[in-house]
Amino acid sequence: MKENLTDKRIALLLSGGVDSSVVLHELCSQGLHPDCFYIKIGPEEDEEWDCSSEEDMEMCTALARRYGVRLEVVDCHREYWDRVTRYTMDKVRAGLTPNPDVMCNRLIKFGAFDEKAGHDYDLIATGHYAQTEIIDGKKWLVTSPDPVKDQTDFLAQIEDWQLKKALFPIGHYMKEEVRSIAEREHLVNARRKDSQGICFLGKINYNDYIRRYLGENPGDVLELETEKLIGRHRGLWFHTIGQRHGLGFGGGPWFVVKKDIERNILYVSKGYEPQSAYKDVFRIHAFHYLTEEVPLREVTFKIRHTPEFHHAVLDSIGPGEYIVHSEKAIHGVAPGQFCVVYDSDHHRCFGSAEIYFD
């Protein structure tokens with residue numbers, strides 16, 4: 001069952017990219033006239049690090065003029081720094097692996113924006129590759145048919161009231177279909193490349209960004225099996241569990257397999273895809289249910305943005321806490337990552353929880 005959009009006030013988050021532009025076309029083709037908003041975000045500095053671009057605004061302005069809709073810029077620059085970037089740095093400082101894009105959806109696109117402008121609207125439309133379904137009168141987040149582009153994992157931390165307002169008009173398309181629509185309709189950005197990486201960084205290197213705010217904290221790098229000194233690191237926050245590239249140590253390949261936060265030691269293991277970098281059992285806590293709390297047992301899940309879903313059995317060990325027994329060992333499981341949980345057919349998304357190690 002789909003939502004009836006008649007007489008709904010719709011706010012569209014227009015980014016200048018092809019996906020949200022096709023959303024605008026789709027809505028207007030249905031006789032709907034959303035108000036469009038360009039969200040300006042970025043970290044602490046207004047100019048040097050700001051990812052808002054003149055090209056984005058030129059695209060948005062041209063599209064709004066073509067379809068005869070209102071366009072407004074909403075400045076969430078300070079909110080992004082206070083909420084998302086601070087979350088990222090706090091997690092990185094603690095040796096965890098955060099996901100800023102997940103929190104951007106919850107705290108900015110459906111959070112700060114709603115506080116500043118979205119509260120006047122019934123629905124907030126975005127270009128995410130995700131869908132919603134009304135099941136027994138309740139709205140659920142469900143996956144896109146495009147396994148590569150599906151973005152339900154980035155939406156699994158939004159609040160239930162935010163999900164109720166969420167609208168994903170292109171979520172039923174494959175990416176190539178969206179491109180085809182843009183080219184058929186001669187949209188100004190039909191052949192514009194998709195954005196990559198974390199939005200607020202723009203072209204800035206992620207490690208340079210972390211170094212700017214957290215500095216360096218050198219420590220030893222030890223081989224996990226032998227405790228042999230392999231070298232020195234400049235800070236645990238520059239490394240992630242499962243990392244192989246960019247370590248700079250001879251005699252490899254080496255993989256990052258463990259961090260000792262208290263002793264500031266980075267553990268690595270030699271060899272190709274060492275078994276120590278895989279896990280089939282791990283814990284998650286503070287489970288965030290999207291629509292309602294449901295029994296979780298035989299499920300599918302993912303821990304990063306990939307097309308693959310993994311089958312698992314969850315054992316409850318307390319309110320919102322589970323032990324994940326994965327059918328197969330997973331590479332690169334790291335504390336701080338979100339484990340996103342779906343039904344056994346990886347169709348309906350139940351929510352997500354943070355991975356933690358004892």
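The values are calculated or read from the model by the stated rules, or taken from the named source; none is laboratory data. Quantities reported herein were computed from a predicted structural model and do not represent experimental measurements. No Cβ is skipped: glycine too gets one built from the backbone with ideal geometry, and neighbour counts run over all protein chains shown. Remember, those area values only see protein heavy atoms, side chains included, never the ligands or the DNA or RNA. Shrake-Rupley method; radii C 1.70, N 1.55, O 1.52, S 1.80 Å.
Testing the spin-label approximation: label points 7 Å from Cα along Cα→Cβ at HIS347 and GLU176. State their distance in nm.
If labels sit at HIS347 and GLU176, their model points lie 2.5 nm apart.
As an exercise, use a Förster radius of 41 Å and the Cβ-Cβ distance of ASP194 and TYR289 to find the FRET efficiency, rounded to the nearest 0.05.
Calculated value: 0.85.
Where the centre of each part is set by its Cα atoms, how far does the range 329-357 sit from the range 2-20, in angstrom?
Here the answer is 28 Å between Cα centres.
In percent, what relative contact order does the chain have, based on Cα pairs under 8 Å that are 6 or more apart in sequence?
16
Cα centroids of the range 148-179 and the range 209-236: how far apart, whole angstrom?
That distance is 38 Å.
Students often check this: by mean Cβ neighbours within 10 Å, which of 309-315, 348-354 ranks highest, and how do the rest follow?
Highest-to-lowest ranking by the protection proxy: 348-354, 309-315.
Along the Cα-to-C-beta direction of LYS116, a point sits 7 Å from the Cα; which residues of the range 4-36 have their amide N less than 18 Å from that point?
11-17, 35-36
For LYS165, go through the aspartates and glutamates and keep the ones whose alpha-carbon is under 16 Å away, minus same-chain ones fewer than eight residues off.
Within reach: GLU3, ASP7, ASP35, ASP114, GLU115, ASP120, ASP122, GLU133, GLU292.
Taking every alpha carbon pair in the chain, what does the distance histogram look like in 20 angstrom bins from 0, in percent?
28, 55, 17, 0
Under a plain spin-label model, where a point goes 7 Å from the Cα along Cα-to-Cβ, how far apart in nm are GLU321 and ASN217?
Between GLU321 and ASN217, the label points sit 2.5 nm apart.
If I model a spin label at GLN30 and ARG66 as a point 7 Å from the Cα along the Cα→Cβ vector, what separation in nanometres do I get?
Placing both labels 7 Å along Cα→Cβ, they lie 2.0 nm apart.
Using a 1.4 angstrom probe, figure out how much accessible area the chain has per residue, in square angstrom, rounded to the nearest whole.
47
Kindly provide the helix-only [θ] at 222 nm of the chain, computed as the sum of -39,500 (n - 2.57) over DSSP H runs of four or more divided by all residues, to the nearest 500 deg cm²/dmol?
Calculated from helices alone, the mean residue ellipticity at 222 nm is -5500 deg cm²/dmol.
Please report the antiparallel percentage of the DSSP beta bridges confined to the chain, to the nearest 5.
75
Relative to the Cα centre, what is the charge dipole magnitude of the chain, using +1 at the beta carbon of each Lys and Arg, -1 at the beta carbon of each Asp and Glu, and rounding to the nearest 20 debye?
Around 540 debye, computed over the chain.
Calculate, in nm to one decimal, what ASP136 and ALA94 gain on full extension: separation in residues at 0.36 nm each, minus their alpha carbon distance.
Extra length from ASP136 to ALA94 when fully extended: 10.9 nm.
Calculate one ³J(HN,Hα) per residue across the range 327-339 by plugging θ = phi - 60° into the Karplus curve 6.51 cos²θ - 1.76 cosθ + 1.60, and present them in order as whole Hz with x for glycine and proline.
Calculated HN-Hα couplings, in order: 4, 10, 5, 10, 7, x, 5, 9, x, x, 5, 8, 9 Hz.
In whole angstrom, and with the biggest value first, how far do the Cα coordinates of the range 78-149 range along each principal axis?
Result, largest extent first: 42, 33, 22 Å.
Of all DSSP beta bridges in the range 1-160, what percent run antiparallel (nearest 5)?
The answer is about 30 percent antiparallel.
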